[in-house]
1. Starting from the 7 Å offset along Cα-to-Cβ, what nm value, one decimal, do you get for the label separation of THR71 and SER132?
2. Excluding same-chain residues fewer than 8 positions from LYS123, which aspartates and glutamates have a Cα within less than 14 Å of its Cα?
3. What net charge do the residues around PRO44 carry, taking every other residue with its C-beta under 12 Å from that of PRO44, with Lys and Arg at +1 and Asp and Glu at -1?
4. I need the shape label for the range 13-120. Rule: rounded when a/c is under 1.5, else prolate if a/b > b/c, else oblate, with a, b, c from the alpha carbon gyration tensor.
5. Going by average Cβ neighbours within 10 Å, how do the peptides 53-59, 131-137, 94-100 rank, with the highest at the top?
Amino acid sequence: MKVLLLSASVILLCACSSIPKKLQLSQVTDLAPLSSHQSHEGQPARWGGVIAEVKNNADNTMIEVVSFKLTSSARPKPSSETKGRFRLYHDGLLDPVIFQKGRSITAVGIVQSAEEGEIGEHKYKFPVLKASHVHLWKEIQRVDVNVIPAPFMYSPYHWRSPLLYPHNRPVVILNKSKSKSNKNHVGASERKSSNQQQ
C-alpha cells in the first residue's frame, strides 16, 4: 500500500513539475471550467487555446482565444473540436507581434462576468478571464523523417554501420512555415520580451 501511495505521489509531482512555474496552482485549487452558461465569477481558472485576436486597449490587452483541452503540462492540444472561445484581459501591453494569431497560450487568473460580442456577424457570449499570468508556448516545428532504403534489401550487411553504408542513414527534412527573414525578426522580438513568456 505504501508503495502505491509513493508511486502516486511521484506521478503527481512529475505532472506538476512539467507545468510552467507561473501556471502552477495548488493541487487543492478547484479550477472553474470554461462556460458561458454557468456563473463561475470570482473562481480561479486555467484556460488555454489558440490566439484568434489581440486588441491593445489604453490600460490592458484583450486576447480572444479559441479554447482547447489542456495536456498534463497545461499546453493546449488543438483538434477538430473546440471548447468554444473566451476572452482574457491582462494588465499592460502584450505585443501583437509576439502574441500572434495562431500561437498557443495558456493563462491563469480569476473568472469575470461573461460579455457579449461577435464572431464575424454571429453574436457570441464570451467567458472572461482576468489573467494574472499568460504563457506563450514556443512553436513546434514539424519534422518529416524519410529513410532511404538500401539498394540491397536482403543483404546480410543491411542496416549495419552508417559510416560504411551511408545510404542507410535517415534523411531529416524540416518544414518551415515562415520565411527565414520573418523568423529572424520575430525571434529578435521574442528575446526582448522573454520575461513575458516565462
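1. Reported label-point gap for THR71 and SER132 is 2.6 nm.
2. Excluding near neighbours in sequence, the set is GLU115.
3. 0
4. Rounded is the answer for the range 13-120, as its axis ratio a/c remains below 1.5.
5. Peptide ranking by packing, descending: 131-137, 94-100, 53-59.
None of the figures in this text is laboratory data; all of them are computed from the coordinates on show. Everything numeric in this text was worked out from a predicted model, so none of it was measured. Don't worry about glycine lacking a Cβ; one is built from the backbone with ideal geometry, like all the others, and counts go over all protein chains shown.
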